[in-house]
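Chemist: Below you will find the structure I want to go over with you.
The values are calculated or read from the model by the stated rules, or taken from the named source; none is laboratory data. Small disclaimer: the values here were computed from a predicted structure and weren't measured. Positions of Cβ are backbone-derived with ideal geometry, glycine not excepted, and every protein chain shown enters the neighbour counts. We work out accessible area using only protein heavy atoms, side chains counted, and drop any ligands, DNA or RNA first. Shrake-Rupley method; radii C 1.70, N 1.55, O 1.52, S 1.80 Å.
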Amino acid sequence: DSVSQGRGIKCSLCTKALKKIQALAGDNPDEAAVEAALQKGCRMLGRAVGRLCQRLVKKYQDQITEGLQNGDMPRDICTAIGICRS
């Protein structure tokens, strides 16, 4: 159905965005590093996807920051915030 298809697209988008953000933040990032990476990572994804990415980041910034600081995998973070199904 279209809902799970839409969710699948969002899930891969979330995972892709967080992989990029994780790479930009580096290993063992502090909050400032994560925040800078969140901003830059979304811009690197292009205009349409970048806007979605920024909405996602604004809404889930605390969970994303925490996940990245804990060294969680992008897919796991996206599942934890309810965008991907486990």
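Chemist: Could you tell me the ratio Rg/Rh of the chain? Both radii from Cα atoms, Rh via Kirkwood. Don't skip to the end; give the middle numbers.
Modeler: Values: Rg = 12.0 Å, Rh = 12.6 Å.
Using only Cα positions, Rg/Rh for the chain is 0.95.
Chemist: Roll a 1.4 Å probe over the protein chains and send me the accessible area per residue for segment 12-74 in Å². Could the numbers behind the result be given before it?
Modeler: Working: 3970 Å² over 63 residues.
Value for segment 12-74: 63 Å² per residue.
Chemist: Convert each backbone phi in segment 39-53 into a coupling constant with the Karplus relation 6.51 cos²θ - 1.76 cosθ + 1.60 (shift: θ = phi - 60°), then list the ³J(HN,Hα) values in order as whole Hz, x for Gly and Pro.
Modeler: Going residue by residue, I get 5, 5, x, 5, 5, 6, 8, x, 5, 5, 5, x, 5, 4, 4 Hz, with x marking Gly and Pro.
Chemist: Can you send over the carbon and sulfur percentage of the accessible area for the chain, probe radius 1.4 Å, protein chains only? Mind showing how you got there, number by number?
Modeler: Details: 2660 of 5580 Å².
Answer for the chain: carbon and sulfur cover 48 percent of the accessible area.
Chemist: Quote the charge dipole size of the chain about the Cα centre in Debye, to the nearest 20; the model charges only the Cβ of Lys and Arg (+1) and of Asp and Glu (-1).
Modeler: Values: 14 positive and 9 negative charges, 132 e Å.
So the dipole magnitude of the chain works out to roughly 640 debye.
Chemist: Quick one: compute the contact order of the chain, relative version, from alpha carbon pairs under 8 angstrom and 6+ residues apart, as a percent.
Modeler: Details: 78 pairs, mean separation 31.9, N = 86.
Relative contact order here is 37 percent.
Chemist: Based on DSSP H runs of at least 4 residues, each adding -39500 (n - 2.57), what is the mean residue ellipticity at 222 nm of the chain after dividing by all its residues, to the nearest 500 deg cm²/dmol?
Modeler: Details: 4 runs with 67 residues, N = 86.
Estimated from H runs of four or more residues: -26000 deg cm²/dmol.
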